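K.L.:
The structure follows.
Nothing in this text is a laboratory measurement; each read-out follows from the coordinates by a stated rule. Everything quoted here is computed from the prediction, not taken from an experiment. Reconstructed Cβ throughout: ideal geometry from the backbone, glycine too, with neighbour counts over all protein chains shown.
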Amino acid sequence: MSTFLPKDVQAGLDAARRQAARKRNRLRVEVDGTRHPVLRTWDNGFSVDPEQVPLLRGLVDLYDGAVHLRRCLIVAAAEEDGETRYDYKRMTEISTEQPLDFARAENAPVALLAHDTPE
């Protein structure tokens, strides 16, 4: 049995694989107010479809649907197998809490309740 596939069949299979990855992935990268779909991510980077996304550089924001995940400084690493790969030079996770400028004690009260005294 031969494992050789004609070029047009292989191209069709590759296109179908990329389309399926786009549909199941909610990750988006935002640059200058424009969001582009992300094909996949790993610890130190992500990849996009070069046919849909122009070459990216600099500071970008990574979203999962409407949730802002991280702000990244990126550099293009390679273009292989129908995807452009980017590496993080710097990545900052987005926090939902305000930063504190002091150390909070573990047993500190959450709020102060006024003692209601008749006058």
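K.L.:
Kindly establish whether Arg85 is closer than 28 Å to Ala11 by Cβ, surrounded by fewer than 16 Cβ atoms within 10 Å (Cβ to Cβ) and of a type in the set (Lys, Arg).
P.N.:
In short, no.
K.L.:
Still on this structure: With the condition kept exactly as written, say whether any residue in the range 110-119 is of a type outside the set (Asp, Glu), in a loop (DSSP other than H, G, I, E, B) and within 30 Å of Asn44 (Cβ to Cβ).
P.N.:
No, every residue in the range 110-119 fails to be of a type outside the set (Asp, Glu), in a loop (DSSP other than H, G, I, E, B) and within 30 Å of Asn44 (Cβ to Cβ).
K.L.:
Return the total of residues in the range 23-49 being hydrophobic (A, V, I, L, M, F, W, C) and within 9 Å of the chain's Cα centre (by Cα).
P.N.:
4
K.L.:
Then there is this: Give me the pairs, please: first residue somewhere in the range 69-90 and in a loop (DSSP other than H, G, I, E, B), second residue anywhere and exposed (fewer than 15 other Cβ atoms within 10 Å of the Cβ), beta-carbon distance under 7 Å, and either six or more positions apart or on two chains.
P.N.:
Note: pairs meeting the criteria are Gly82/Asp14.
K.L.:
Is there a residue in the range 46-57 that is of a type in the set (Lys, Arg), out of contact with any Pro (no Cβ under 6 Å at 6 or more places or on another chain) and either assigned to a strand (DSSP E or B) or touching a residue at least 60 places away in the same chain (Cβ under 8 Å) (or both)?
P.N.:
Looking for residues that are of a type in the set (Lys, Arg), out of contact with any Pro (no Cβ under 6 Å at 6 or more places or on another chain) and either assigned to a strand (DSSP E or B) or touching a residue at least 60 places away in the same chain (Cβ under 8 Å) (or both), one finds none in the range 46-57, hence no.
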